[in-house]
1. Among all residue pairs at least 6 apart or on different chains, which show Cβ distances below 9 Å where the first residue, located in segment 316-330, is open to solvent by less than 30 Å² (accessible area, probe 1.4 Å) and the second is of a type in the set (Phe, Trp, Tyr) and assigned to a loop (DSSP other than H, G, I, E, B)?
2. Do we find a residue being touching a strand residue (DSSP E or B) at 6+ places or on another chain (Cβ under 7 Å) and in a helix (DSSP H, G or I) anywhere in segment 320-334?
3. Taking the residues in segment 156-187 that are of a type outside the set (A, V, I, L, M), at pLDDT 95 or above and at negative phi as candidates, determine which candidate is least open to solvent (accessible area, probe 1.4 Å).
4. Quickly run through segment 261-301 and pick out the residues that are charged (D, E, K, R) and modelled with pLDDT under 85.
5. Tally up the residues in segment 268-319 that are in a loop (DSSP other than H, G, I, E, B) and closer than 30 Å to ASP181 by Cβ, please.
6. Considering only segment 94-137, state which residues are of a type in the set (S, T, N, Q) and under 23 Å from ALA300 (Cα atoms).
7. Mind checking which residues of segment 15-36 are assigned to a loop (DSSP other than H, G, I, E, B) and over 18 Å from GLY163 (Cα atoms)?
8. Taking segment 81-108 on its own, how many of its residues are open to solvent by less than 20 Å² (accessible area, probe 1.4 Å), farther than 20 Å from LEU184 by Cα, in contact (Cβ under 8 Å) with a residue 60 or more places away in the chain and within 14 Å of the chain's Cα centre (by Cα)?
Amino acid sequence: MNNWLLYGATGYTGELIARAAAAHAPRPILAGRNAAAVERLARELDCEARTFALDDADAVSRHLEGVVLVLNCAGPFSATAGPMMQACLTRRAHYLDITGEIEVFERAHGLDAPARAANVVLCPGVGFDVVPSDCLAATLRQALPDATHLTLGFDSRSPPSRGTAKTMIEGLKTGSRVRADGRLVSIPFASRVRDIDFGEGKKLAIAIPWGDVSTAFRTTAIPNIEVYIPASPGAVRRMQGLNRWRWLLGSAPAQWWLKRRAERAPAGPDAQLRERTPVLLWGEVRNATGRTVVGRMRVANGYTVTVNASLGLVERMLRAPPAGGFHTPSQIVGADFAGRLPGSTPVSLTPD
């Protein structure tokens, strides 16, 4: 049987995925830590419910009995991905999640050998983080096979969910990240600034620690990677000012206070706001001679993409999984996958 389990089913994004998944066979097993919330949602959607935390490895393994695939939607993934991946390796169940956390991607890649031995697929980042940008990176690499530099960016007007906001808060202690000559490198906030035309005219943009600095390297083997988002001049100055306080922002009291503030925000954008806020993606590759190729695409709101992309990956994994090991999304479903999602346009390439 193709039993699959959705962990974190009652969070903002997890519930969006659960409701969409319940309309199709096979329905997921809904799981999480809050028994009342999980069971209530499972009854409404006519799904099986399982309740368990991730702090007891034997218990987690027992609750994965009969499961062939796990989609982990419970953040922060810095806390949940490790134990769930280990349980999946023990149970020989494929592992997917919707993280954008660089450390999770690196941890999963570090488990490539045991995953191959167990014939278990580990594929973090099957949502907006990082499916569209991973597909864009793969498309650009195909267009310029000898590229040495890859720059990606996206323009989203949608507010983050509480879970995403808390993950961003955790990242304040590390600054921004890029890949330079194949290595992950930390850089100060807003220390790399450039103008980018995402598709509606040039905007000031700053480099951010997005998951593609890990995943796009595995997808493309391009050694130099940066990811940008738009920022106003005032926002750039404020971000630059944060650099002197990174030691404080990473402290336990500051993290606790900031996360408590994030809890007071709305759970996430409502359906009307998601409908009104698509995302523009941009990418550029450059080779040693200076030749460049630019790619652009439009996708639906990031949370809408996460629902459709994650379920598309689940369907593919249940139907025809690749050989075990670490994979990026485009390595499983192809570079054109994001362009075929609802609300998306294919990548448009512009040679220099």
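1. PRO329/PHE337; SER330/PHE337
2. yes
3. Within segment 156-187, the subset of a type outside the set (A, V, I, L, M) is 156-164, 166-167, 170-171, 173-177, 179, 181-183, 186.
Among the residues that remain, those that are also at pLDDT 95 or above are: 179, 181-183.
Next, from what is left, pick out any that are at negative phi: 179, 183.
Numbers: ARG179: 12, ARG183: 149 Å².
Looking at residues that are of a type outside the set (A, V, I, L, M), at pLDDT 95 or above and at negative phi, I get ARG179.
4. Filtering segment 261-301 for residues charged (D, E, K, R) gives 261, 263-264, 270, 274-276, 284, 286, 291, 296, 298.
ARG261, GLU263, ARG264 - these are the residues of segment 261-301 that are charged (D, E, K, R) and modelled with pLDDT under 85.
5. The initial filter retains those residues of segment 268-319 that are in a loop (DSSP other than H, G, I, E, B), namely 268-270, 277-278, 288-291, 300-301.
Narrowing the set further to residues that are closer than 30 Å to ASP181 by Cβ leaves 288-291.
Residues in segment 268-319 being in a loop (DSSP other than H, G, I, E, B) and closer than 30 Å to ASP181 by Cβ: 4 in total.
6. Pass one, segment 94-137, residues of a type in the set (S, T, N, Q): 99, 119, 133.
Listed by number, the residues that qualify are THR99, SER133.
7. Let us first name the residues in segment 15-36 that are assigned to a loop (DSSP other than H, G, I, E, B), namely 22-28, 33-34.
If the condition is that a residue be assigned to a loop (DSSP other than H, G, I, E, B) and over 18 Å from GLY163 (Cα atoms), then ALA22, ALA23, HIS24, ALA25, PRO26, ARG27, PRO28 are the ones that fit.
8. Of the residues in segment 81-108, 1 are open to solvent by less than 20 Å² (accessible area, probe 1.4 Å), farther than 20 Å from LEU184 by Cα, in contact (Cβ under 8 Å) with a residue 60 or more places away in the chain and within 14 Å of the chain's Cα centre (by Cα).
The values are calculated or read from the model by the stated rules, or taken from the named source; none is laboratory data. If you're wondering where the values come from, they're calculated on a predicted model, not measured in any experiment. All Cβ positions, even for glycine, are placed from backbone atoms using ideal geometry, and neighbour counts span all protein chains on display. Keep in mind that these areas ignore ligands, DNA and RNA; they rest on the heavy atoms of the full protein, side chains included. Shrake-Rupley method; radii C 1.70, N 1.55, O 1.52, S 1.80 Å.
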